[in-house]
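S.K.: Input: one structure, supplied below.
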Amino acid sequence: MGEGMLVLPADVLKPGRYGARMPGGSAVRLGERPLGELMQLSGRGNGFSNRLGSVLSGLGVDSAPDFGEVAVGDNGLEVLRLAPDRLWLRSPPREAGVRQAKALDLALAANGLDLEVMWKLDLSQSRAVIVIEGAGEGCGAEDLLARLISLDCDASMFEPGSFEETVLHDVSVLVQRKGLAEFEILVPVTWAQSLWSYVREAALPLGYEISSSN
């Protein structure tokens with residue numbers, strides 16, 4: 001599976017409208033998006049904390065994000081803070097992701113990478129991205145997520161530019177809010193097809209659309 005490839009088979013991504021027929025058409029749109037390049041940067045102790053800012057600066061990130069928040073760097077890089085000593089660095093697919101991977105290696109080398117305090121792990125083959133988007137009173141992306149996970153998905157509580165780690169159908173996932181009516185769910189590839197089916201089933205009472213691209 002390449003970092004610019006989709007995980008789900010084409011037959012389950014067939015474009016069309018499904019489920020209940022809502023006035024004005026389906027508000028919810030479902031799909032899959034390529035993950036891109038996903039690196040985990042982790043470490044321990046003061047050595048990690050002291051070097052993190054310099055490493056991220058080399059990637060165009062002004063400062064490390066707070067827990068649960070996303071910072072943006074060069075070439076579309078997103079930095080997600082999962083824990084004090086663990087971050088995910090996600091880049092777009094193809095050329096930008098390759099450039100970002102090289103930039104990370106350079107930034108680590110420039111800051112005297114010490115495997116005792118800081119290390120990276122390539123997760124690019126480990127996750128699939130399910131997309132839920134669409135605004136609608138009682139039938140939008142927030143409403144579908146409320147059926148799927150135990151989180152308050154109101155924008156006042158779950159703001160764009162943030163993420164939450166939670167459980168979807170007994171599987172640990174990461175939900176990132178990309179916009180007011182746009183969410184990405186990063187799911188383990190081994191569970192991607194079953195979770196996709198679960199999301200589709202939950203969306204049937206609202207009505208949903210699968211578009212040809214996301």
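The values are calculated or read from the model by the stated rules, or taken from the named source; none is laboratory data. Since this is a predicted model, take the numbers as computed values, not measurements. Every residue, glycine among them, receives a Cβ derived from its backbone with ideal geometry; neighbour counts consider all protein chains shown.
S.K.: Got a sec? Which of GLU116, GLU142, GLU164 is among the acidic types (Asp, Glu), at pLDDT below 90 and more than 15 Å from ARG33 (Cα to Cα)?
M.R.: Matching residue, one of GLU116, GLU142, GLU164: GLU116.
S.K.: Any idea which residue in region 1-21 is surrounded by the most Cβ atoms within 10 Å (Cβ to Cβ), counting only those that are closer than 17 Å to LEU195 by Cβ and at pLDDT below 90?
M.R.: LEU6
S.K.: So which residues in region 62-82 are in contact with an Asp or Glu (Cβ under 8 Å, 6 or more places away or on another chain) and at pLDDT below 90, if there are any at all?
M.R.: Matches in region 62-82: none.
S.K.: Filter region 155-188 down to the residues that are of a type outside the set (S, T, N, Q), more than 19 Å from LEU30 (Cα to Cα) and in contact (Cβ under 8 Å) with a residue 60 or more places away in the chain and list them by number.
M.R.: GLY161, GLU164, GLU165
S.K.: Could you say whether any residue in region 36-55 is within 23 Å of SER126 (Cα to Cα) and at pLDDT below 85?
M.R.: no
S.K.: Can you tell me how many residues in region 17-69 are touching a residue at least 24 places away in the same chain (Cβ under 8 Å), within 30 Å of GLU142 (Cα to Cα) and of a type in the set (Phe, Trp, Tyr)?
M.R.: Of the residues in that region, 1 qualify.
S.K.: Got a sec? Which strands (runs of 3 or more DSSP E) wholly within region 131-213 have at least 1 residues that are farther than 20 Å from PHE67 by Cα and under 13 Å from the mean Cα position of the chain (by Cα)?
M.R.: 182-188
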